[in-house]
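The values are calculated or read from the model by the stated rules, or taken from the named source; none is laboratory data. Given the structure is predicted, the values throughout are model-derived calculations rather than measurements. Cβ placement follows ideal geometry from the backbone for every residue including glycine, while neighbour counts extend to all protein chains displayed.
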Amino acid sequence: MDAQDGGSNLLFWFVGFGILITIILRTERSESDLRHIPTPGYRGHLRSYIDAFKFAFLGPTLIQTAYQKYRPGPVRFATLHRWIVVMTGAQLFEEFRKLSEEEVSLTALVGDSDFPLYHAGHDQIIGTKNVQEFSCYLTQNLSLVFPRIREEVSISLKGLSLKASGWTEVEATQLVLQLVTAVNHRVIFGLTSIENEEFNSLGLTTMKQILASRYSLIFDFLPQLRSSVFAYFTQARQSQRRYHTTISAFVSSRISDTKTLSSDRVPHDLLSWTLSGGSSNLLEGSANALSNLTLSVSESISTSFLHVLYYLSANPKYASLMRKEVEASVSKEGWNKSSVDKMHRLDSFIKESLRLNCVNSVSSVRKVLTDLRLSDGTVLPFGSVLCLPSSSQHLSSDIYGSNSTTFDGFRFSRLQEQHYADYEPHDPGTNIALPRYQLATSSSSYLTWGYGRHACPGRFYASMVMKLVLAMILVEFDIRFLEGVRPDDVVCNGARRMPGKEVKILIRRR
């Protein structure tokens, strides 16, 4: 009798567990029917989870294989929470470029279970209505904020604890986060790293924990509700709450100070510009938006620049030529935005680094807000998620030639020089930049920033920060890897390509 009861209980738990798993899977995949779109894996509902597990670890490779097989045309991939549709081919790229915000939206994806798969850093700020205004302010005031950025970079570099002579081993992530966090705090809040060391330290700690959490796959394997609850108790989320609280107090203090200061004494930073708008919900709205913006921008620039720093450390042969370019430009005009704009080899080096190792293997991810019919007859139903294959496009030999998979630091500066030699002879001293070859330019062949009207609005600010930081590092330091080999990227959340974790570089003052 006891044996029968034990067997019944076991059967009950087995059946109950099966029903629970089925409900979870059905709930997580309650989306539009995309069975008419080809997929490189299983088409069935349950068996597609096998492909979803593969995608979590091998996303870039799977996308590249499907890109070569199904181009031109849409292709879908299974993730643990939904299907995503990747557009391939020139015609579909052009159709995507013309889609309006009423047809496709990034904002609608905020809070989606797979959102971290698509964007490093943009978790909440993209969902705010102020992002375009923030980016517009930064873009229009690049010359104004340039001296502050340079000052913060100089302070951070001088503060490095290095040996008096010879090489010092430095943790790359710590170095980059320290530089980028200090810069963004100065530009957004007007806070110098010397005067506000405690605030800077909190921001740096928060960014380190956020970045460390990006390497974890645990949230990919949890249903959406459970992952949200679990994430609430992580160190990264707790640090974010402390960071938000600190910024709220700072914003409140700035509001009080602004009321008593004359207009010529009000700090010129993004916070003051935001407060001048006179929002009815000033304190809460400004603090939350600017806090999210700071973390978002810091993460995006840091992860991107880590890729650049790794390529420089693995290819120190490029340093001397870029250094000469930097010194020549600065000797003529000094350190300003104009002189940095003329550093074409440096610009090319960063662009090539992000061509081969952009943070995400897909870009311009959008949610479909109305049924769309493509030129090839394919219908993308409401609720579908579509994107562009950035890494695959960047590796295409049709676009970048036979060496498309090889790092060529001066690829884009050489293309610019060749263009002038063939079509537009000019005075080399004018050093005029062609937009198509510049880092901040998005195009169908360069998707690091997205494409068309869906391109990242903060790319001009991010580009200038990375260029200035790299220029100042080149002038003051030599840098390399001990073994001379760039560490492999870490694939996270399926499509994200994170720089190698806990990587050490060798650095010495010149």
Legend entry - Residues located in segment 149-199, provided they are more than 16 Å from LEU470 (Cα to Cα), charged (D, E, K, R) and in contact with a Lys or Arg (Cβ under 9 Å, 6 or more places away or on another chain): LYS163, GLU169, GLU171, ARG186
Legend entry - Lone unmet requirement of (1) crowded, with 18+ Cβ neighbours inside 10 Å; (2) at pLDDT 80 or above; (3) not assigned by TED's automatic domain parsing to the domain that holds SER296 for GLU101: (1)
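Hey, among the residues in segment 333-349 that are assigned to a helix (DSSP H, G or I) and surrounded by fewer than 23 Cβ atoms within 10 Å (Cβ to Cβ), which one's farthest from the chain's Cα centre (by Cα)?
Taking segment 333-349 first, the residues assigned to a helix (DSSP H, G or I) are 333, 337-341, 344-349.
Of the ones still in play, those that are also surrounded by fewer than 23 Cβ atoms within 10 Å (Cβ to Cβ) are 333, 337-339, 341, 345.
On the way: GLU333: 31, LYS337: 23, SER338: 25, SER339: 26, ASP341: 22, ARG345: 22 Å.
Ranking the candidates gives GLU333 first.
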Inset, instruction - Restricting attention to segment 399-435, report how many residues are under 20 Å from CYS358 (Cα atoms), in a helix (DSSP H, G or I) and at pLDDT 85 or above. - result: 5
Legend entry - Among residues of segment 49-89, those that are more than 18 Å from VAL385 (Cα to Cα), within 22 Å of the chain's Cα centre (by Cα) and of a type in the set (A, V, I, L, M, F, W, C), counted: 2
Inset, instruction - Would you please list the contacts, defined by Cβ atoms under 7 Å and residues six or more apart or on different chains, that run from a residue in segment 383-405 that is free of Cβ contacts under 8 Å to residues at least 60 places away in the same chain to a residue that is of a type in the set (Ser, Thr, Tyr) and assigned to a helix (DSSP H, G or I)? - result: SER404/SER397
Inset, instruction - Could you check, for segment 258-268, whether at least one of its residues is among the hydrophobic types (A, V, I, L, M, F, W, C), part of a loop (DSSP other than H, G, I, E, B), within 27 Å of LYS208 (Cβ to Cβ) and at pLDDT below 80? - result: no
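Quick grid of which residues meet (1) assigned to a helix (DSSP H, G or I); (2) modelled with pLDDT of 95 or more; (3) in the same structural domain as PHE410 (by TED's automatic domain parsing):
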site: GLY278; (1), (2), (3): no, no, yes
site: GLY285; (1), (2), (3): yes, no, yes
site: ASN292; (1), (2), (3): yes, no, yes
site: LEU295; (1), (2), (3): yes, no, yes
site: GLU299; (1), (2), (3): yes, no, yes
site: TYR311; (1), (2), (3): yes, yes, yes
site: ARG323; (1), (2), (3): yes, yes, yes
site: GLU327; (1), (2), (3): yes, yes, yes
site: SER331; (1), (2), (3): yes, yes, yes
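Working only within segment 346-355, note down all residues that are within 18 Å of TYR400 (Cβ to Cβ) and either among the basic types (Lys, Arg) or touching a residue at least 60 places away in the same chain (Cβ under 8 Å) (or both). Before you say what the answer is, go through the steps one by one.
Step one: of segment 346-355, the residues within 18 Å of TYR400 (Cβ to Cβ) are 347-355.
Across segment 346-355, the qualifying residues are ASP347, SER348, PHE349, ILE350, LYS351, GLU352, LEU354, ARG355.
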